[in-house]
Each structure stands twice: as structure tokens, then as C-alpha cells.
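The values are calculated or read from the model by the stated rules, or taken from the named source; none is laboratory data. Computed from a predicted structure; not experimentally measured. Don't worry about glycine lacking a Cβ; one is built from the backbone with ideal geometry, like all the others, and counts go over all protein chains shown.
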Amino acid sequence: MIDTGLKAKVAVITGANHGIGAATALAFAKEGAKVFLNYLRLSPEEYGGVSKEEAERATKPGRGYYYKTITRSADKVVKEIREAGVECSAWEADLADPGNIPKLFDKAEVKYGKVDILVNNAAHDRFDTFIPPDELEKNPLFVGEYPMITISPDSHDEHFAVNTRAVALLIKEFAQRHIARKATWGRIINISTDGAYAHPSNVSYGASKFAVDF
């Protein structure tokens, strides 16, 4: 059996109510780490143009099912980890608000003590493109299963607020606390996306993730 050295370590994992974040939390818990989860539930109507009823009915992978997952709290993940005998808590907060960054660490430290591991997984992702709105409306070749908009100041800023700025501020907060307590061990893991430099139908998301890569 391989000792990963994670037993009793404290991990903060963002975007952990579904998908990669939830799987990461379960993987760390399996190795005995205490996990503190951050997440944000999103409206399927506002975020993806899918009614709440349609999302709830979805049972197979696809647009409806994806938007069903983003409406979930982290309760299921927390329950599964606790049932395995590992400590786990969660806090719902929007990381686009810089004020929530230190609060996240404060809450994790109150629960479990110093944070040893930071996993930056939370992401904002809405399809936007350079193609003008009138072309999007009349040419279905440009639009796939997910709704797409022409890039705007708001769509661009929304992506960078979560995918880039929040990551930088989380790293700064982690480093600041790490240095202040003269810690000698710690890890930061940033989750990006394959081909971040080539997302022609998702330009703000790709750019914000590519910024983290560098």
C-alpha cells in the first residue's frame, strides 16, 4: 500500500458540488485528508437557457443533465465523505466576490486548522464568441447544443473574475498564511482545460483558463 502522506492534511477544494471538484474531494478523502468544499449553485434558466423542470427530468448526459448538476448543493458529496469516516464540510459562496476569499480560509481553519492543500477547480463557463449576434441567429452552424452569445464586457469579465482573478487571490491567501505560520509543506493544484488557447466558440473561458496556465 502506498502512503500518499495526505492523512490528516486539510484540503480546500473549490467548485466541489459536482464533476471534477466532487471527484477530487472524494479522492482526497479516500487518502484520509480532511476536506473543506466551496461551491456555488447556478440557475439553469439564467445560466443555460434550460427550464428548471427540464433540467430536473434529465437522466442522460447532455445539455439538460449538465445544467441539472450545476443546481446541486454539495450535501451529497459531504454525506458520502462523512459516511466513509472522514471529516468534511462545505460553504456556498461566489468566488467572483474577492471578499469571500479570506472568508473561505477562515471557515476552513475554524473547522480543521491550517490549510495544507488548495485545489482551484471552480469555473465560470458560458459560451461566447467573436461572431456577431445577427450571424449567430441566422447561421445554425455556429451554434451547437449549448447557448452561445457574442462576447461582451460582462461575459468577458464574468469569466476572468472566477477563472483567473479568484485563482490568483486564492493562491495569494494560501501563500500569505503558509508563510506567516512558517509552514514547510503545502500544495496548490490549479485545474485548467485541454486546449485552453483554442476555444473559438468559448473565447472568454479559454482565455481565462489560459491565463492561469501561465
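Selection of first residues in segment 8-19 that are hydroxyl-bearing (Ser, Thr, Tyr) and of second residues that are in a loop (DSSP other than H, G, I, E, B) and surrounded by 21 or more Cβ atoms within 10 Å (Cβ to Cβ), restricted to Cβ pairs under 8 Å at least 6 apart or on distinct chains, gives the following pairs, ordered by first then second residue: Thr14/Leu95; Thr14/Asn121; Thr14/Ala122. Regarding Gly186, is this residue of a type in the set (Gly, Ala, Ser) and over 23 Å from Thr24 (Cβ atoms)? Considered against the rule, which asks whether it is of a type in the set (Gly, Ala, Ser) and over 23 Å from Thr24 (Cβ atoms), Gly186 comes out as no.
Taking first residues from segment 20-38 that are free of Cβ contacts under 8 Å to residues at least 40 places away in the same chain and over 17 Å from Lys107 (Cα atoms) and partners that are among the polar types (S, T, N, Q) and surrounded by fewer than 24 Cβ atoms within 10 Å (Cβ to Cβ), the Cβ contacts under 9 Å between residues at least 6 apart in sequence or on separate chains come to Glu31/Thr4.
Inspection of segment 136-145 identifies at least one residue that is farther than 19 Å from Leu118 by Cβ, buried (at least 16 other Cβ atoms within 10 Å of the Cβ) and in contact (Cβ under 8 Å) with a residue 12 or more places away in the chain. Only one of the numbered conditions (1) within 25 Å of Ser192 (Cβ to Cβ); (2) without any contact (Cβ under 8 Å) to a residue 60 or more places away in the chain; (3) in contact with a helix residue (DSSP H, G or I) (Cβ under 7 Å, 6 or more places away or on another chain) is violated by His124, and that is (2). Phe130 passes every criterion in (1) out of contact with any Lys or Arg (no Cβ under 8 Å at 6 or more places or on another chain); (2) touching a residue at least 60 places away in the same chain (Cβ under 8 Å); (3) surrounded by 12 or more Cβ atoms within 10 Å (Cβ to Cβ) apart from (3). Sub-7 Å Cβ pairs linking a first residue in segment 53-82 that is over 30 Å from Phe36 (Cβ atoms) to a second residue that is hydrophobic (A, V, I, L, M, F, W, C) and surrounded by 15 or more Cβ atoms within 10 Å (Cβ to Cβ), at least 6 apart or interchain, are Arg63/Val50; Gly64/Val50; Gly64/Ala55; Gly64/Ala58, ordered by first then second residue.
Exactly one residue among Ala74, Ala16, Ala27, Ala22 is surrounded by fewer than 21 Cβ atoms within 10 Å (Cβ to Cβ), modelled with pLDDT of 95 or more and within 17 Å of the chain's Cα centre (by Cα), and that residue is Ala27. Note on segment 28-62: residues that are closer than 30 Å to Gly144 by Cα and in contact with a strand residue (DSSP E or B) (Cβ under 8 Å, 6 or more places away or on another chain) amount to 3.
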